[in-house]
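Every read-out reported here was derived from the displayed coordinates using simple, explicitly stated rules and does not represent laboratory data. This is a predicted model, so every value here is computed, not measured. Reconstructed Cβ throughout: ideal geometry from the backbone, glycine too, with neighbour counts over all protein chains shown.
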Amino acid sequence: MNRRYLAGGLAAALAGAAAYPIWQWVQIRRAPARQNALLIGGASAMYELNVALGKEFEKQYGVQVIVEGGGSLQGLLAAKRRAIDIAAMARDLQSTEADPQTHNHLIARDAIAIVVNTQCPVKQLRQQVVRDVLTGKIDNWKTLGGPDSPIEVVTRPRESSTSRYVSEVVLAGDDLSLKAQVRKSRDELLAFIRQTPNAIGCVATDDGGLPSDIVSLEIDNIPMLRETVLSGRYPYARSLYLLTFGLARPQALDFIALAESPAGQAIVDRAGFIPVR
């Protein structure tokens, strides 16, 4: 079975997680393909990392690795349906998702940075104030000790893993301001921040961290540093997992072992995430 068919099947399986109840899914992958390929799907934030790990795994084990995005929830559902081997999770499992058969393996950490233009005089905010700004309750920098200028909130699309994390953790379930501007990619969001002195936004710190011309605010007087993210002191730190469901295939366990090994953690570091071992 060729790579295009497998990749298409994985994408369909992940899309099916959002489109249909789990009991209506159709098994996309046929049994013979399971011996020739390892299928990984889930968090878009982990896509490039899993591709890099997959290349190293193919070199060492000679097993083809197919990686797809689609979101953490879709990956989790696909793993439970056994449509994929490993789910990439860019968040902790919720209590309603926990299952004795799910096995989470922490391979990296990163963080959500609250970023502003270099001209912004505000350098730190409390978590509640961040929430009030992003929801539009506070809409002028003067309230925060800055100039008398409207705050321009910029965000990623709702379906991105970063936006989901912001909604669940930073906003604690509150709705983002209706005035927030949407930028499709991380680079587009950062470009908007550079060009707009009154802007504020949220970005994940993968892809090699933040550019030097972007300011990351301290949160509760805690700077976003490697040490504070790894220790969990920085409040918007995020854990990245590889998840299996039930009795995992040996190839899946070998892939996870590679990700946890010194060689795998070096790949994690080069991908811009924080190694955990």
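Rank the residues F255, F245 as a footprinting-exposure proxy: fewest other Cβ atoms within 10 Å of their Cβ go first.
Exposure proxy ranking, most exposed first: F245, F255.
Given [x] 48, 48, 44; [y] 65, 40, 33; [z] 58, 48, 40 as candidate values of Cα extents along the principal axes in Å, which corresponds to the one derived from the coordinates?
[y]
What is the packing order of peptides 83-90, 210-217, taking the mean over residues of other C-beta atoms within 10 Å and listing the highest first?
83-90, 210-217
Within the stretch 108-146, which trypsin sites (Lys or Arg not before Pro) sit in a loop by DSSP and count at most 16 neighbouring Cβ atoms inside 10 Å?
K123, R126, K137
Of all beta bridges DSSP finds with both residues in the chain, what is the antiparallel percent, to the nearest 5?
60
Looking at the chain as a GNM with Cα springs under 10 Å, which of N104, N50, N221 has the largest mean-square fluctuation?
N221
Hey, fewest Cβ within 10 Å first, where do Y165, Y61 land in order?
Y61, Y165
Check which residues have an amide H placed less than 5 Å from N140's amide H, if you skip close sequence neighbours.
I151
Show that you can apply the helix-only estimate: for the chain, add -39,500 (n - 2.57) for every DSSP H stretch of four or more residues, divide by all residues, and state [θ] at 222 nm to the nearest 500.
So the helix-based figure for the chain works out to -10000 deg cm²/dmol.
Taking Cα centroids, how far is the stretch 150-226 from the stretch 42-64 in Å?
27
For the chain, what does the relative contact order come out to in percent, with C-alpha contacts under 8 Å and a separation of six or more?
25
List the residues whose amide H sits under 5 Å from the amide H of R126, counting only those 5 or more places along or on another chain, with H placed 1.01 Å from N in the peptide plane.
Here D220 satisfy the definition.
Amide H neighbours of A108 under 5 Å, at least 5 residues apart or on other chains, H built in the peptide plane: list them.
Placed amide hydrogens put L240 under 5 Å from A108.
Which entries in the list K137/K184; K80/K179; K142/K179 go over 29 Å, if you measure between the two C-alpha atoms of each?
In this structure, K80/K179 exceed 29 Å between Cα atoms.
Say the dipole of the chain comes from +1 at the beta carbon of Lys and Arg and -1 at that of Asp and Glu; which of I84, H103, Q127 then lies farthest toward its positive end?
Farthest along the dipole direction, towards plus: I84.
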